[in-house]
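Heads up, the thing below is written out as structure tokens.
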Amino acid sequence: MEIRYELTKNPKQKPADESKLGFAKQFSDHMFVMDYTEGEGWHDARIVPYQSFSIDPATVVLHYAQEIFEGLKAYRTADNKIQLFRPECNGARMNDSADRLCIPNIPVEDFVQAVKALVEVDKDWVPHIDGSSYYIRPFIFANDVGLGVHASKHYIFCIIGAPSGAYYAEGIDPVRIYVEDDYIRAAPGLTGFTKCGGNYAASIKAGEMAERQGYAQVLWLDGVEKKYVEEVGSMNIMFKIDGKIYTAACTGTVLPGVTRRSIIELCRDWGYEVIEGKLAIADVMKAAQEGKLEEVWGTGTAAVVSPVKELKWKDQVAYISDGKIGALTQKLYDTLTGIQWGKLPDEKGWITPVCEG
Ligand code: COI
């Protein structure tokens, strides 16, 4: 893919204090953009200064949410190299989302090339301090003008990026999670396995209600019986019960997280039995009562590995690991971030180098 470059003449002020970045609040100098026109395919790949889009009020995405996105990060290593973590998995997942939303695919190698091009041009925006990274947000939206409900014939693929710290205000400190038993996030046949904006829009109300009660996020149950654990607002979730690890299977209603599959691989390498399947919330609470719920953690690009210290379901509360991060959660966090920031060898071939920093 040929990429045209138009670099900014007015670079922005970079964040003065990298310890106060928060999550994706300020965006870097450039963005990658590419257009799709039916009959012509994807064309006009370009890196341009970060800027607003001019959108007709009748643009399809504004009305019918034909939109998908991804999330990945660029890391600066101690020897000042910039690298990505499994970007090809994000490219492949974006195409799975695209298929479900009737959006044209982008070849995975073009996706990775586009991400690398943006990261390289804005490499000075990749933060330096421990635990911080450059969060990358690729997205595609339907750009036809008109109010008929059809697949669009025009799309825009864009990638933006933001120097970021931890997703949760708690950082690596354990979070409290509210188990949602009224609203649902996904059901068989719907879009639960995709990263489409609509999934997140529909989740905001429950998230807001949980936040008002002091919970970081909600844990969604399956949309049919409201019985089995699925995922948390911005991450997959795993439970260590009596030595075994349980997480929901990716059978259409759960996001197939890149961090999720990496963590499962690490756990299996270390000899843990990992069960991907149905886990009833009632059994989680029972395990907690019996002292068998040893650890709970979430996994996600933004969330990394986030320990959970409390689960509230109806009138029951499970307290986990005495409110502290569990030993396995800590080891997973250290190993994953060690690989991502280049402190540990990349024995699994998960790292894609981008450039010198
Ligand atoms: C990510 O982890 O990259 C995500 O996309 C989650 C997001 C909703 C913050």
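The values are calculated or read from the model by the stated rules, or taken from the named source; none is laboratory data. Small disclaimer: the values here were computed from a predicted structure and weren't measured. Positions of Cβ are backbone-derived with ideal geometry, glycine not excepted, and every protein chain shown enters the neighbour counts. Quick note on the areas: whole protein, heavy atoms, side chains included, nothing else; ligands and nucleic acids left out. Shrake-Rupley method; radii C 1.70, N 1.55, O 1.52, S 1.80 Å.
Annotations
- Calculated SAXS-style log₁₀ I(q)/I(0) at q = 0.11, 0.12, 0.20 Å⁻¹ - segment 1-127, Debye, Cα scatterers: -0.46, -0.55, -1.42
- Take segment 28-87 with all the other protein chains still there, run a 1.4 Å probe, and you get 40 Å² of accessible area per residue.
- Listed residue pairs exceeding 27 Å between alpha carbons, taken from K195/K348; K116/K240; K9/K123: K116/K240
- Accessible area (Å², per residue) of segment 130-194, counting only protein heavy atoms and a probe of 1.4 Å: 39 Å²
- For segment 285-336, the solvent-accessible area works out to 43 Å² per residue, with a probe of 1.4 Å and every protein chain left in place.
- Using the rule -39500 (n - 2.57) for each DSSP H run of four or more residues, divided by the residues of the chain, the 222 nm mean residue ellipticity is -7000 deg cm²/dmol.
- Label-point separation, R100 to K12 (7 Å along Cα→Cβ), nm: 3.0 nm
- Estimated inter-spin distance, L344 and A201, nm [label 7 Å along Cα→Cβ]: 4.0 nm
- Listed residue pairs exceeding 30 Å between alpha carbons, taken from K73/K309; K20/K286; K205/K244: K20/K286; K205/K244
- Rounded percent of accessible protein surface that carbon and sulfur make up, the chain, 1.4 Å probe: 49 percent
- Nitroxide proxy distance, nm - points 7 Å out along Cα→Cβ at D44 and E225: 5.2 nm
- Of all aspartates and glutamates in the structure, those lying under 19 Å Cα to Cα from K81, and not within fewer than 8 positions of it along the same chain, are E18, E120, D122, D124, D130, D346, E347, E356.
- Bins of 5 Å from zero: percent of alpha-carbon pairs in segment 61-138: 3, 15, 24, 20, 15, 11, 7, 3, 1, 0
- Magnitude of the charge dipole, the chain, Cβ model with Lys/Arg +1 and Asp/Glu -1, debye to 20: 500 debye
- Free of any chymotrypsin sites (Phe, Trp or Tyr not before Pro) that DSSP assigns to a loop and that have at most 13 other C-beta atoms within 10 Å, the longest stretch within the chain is 54-269.
- Annotation: aspartates and glutamates with alpha-carbon distance below 18 angstrom to K292 (same-chain offsets under eight excluded): D242, E273, D283, E310, D322.
- Of the trypsin sites (Lys or Arg not before Pro) in segment 234-342, those whose Cβ has at most 16 other Cβ within 10 Å and which sit in DSSP loop: K278, K292, K314, K324
- Largest-first ellipsoid semi-axes for segment 216-357, taking √(5λ) over the Cα gyration tensor eigenvalues, angstrom: 27, 16, 14
- Hits among lysines - C-alpha to C-alpha of K226 under 16 Å, sequence gap 8 or more where chains match: K278, K312, K314
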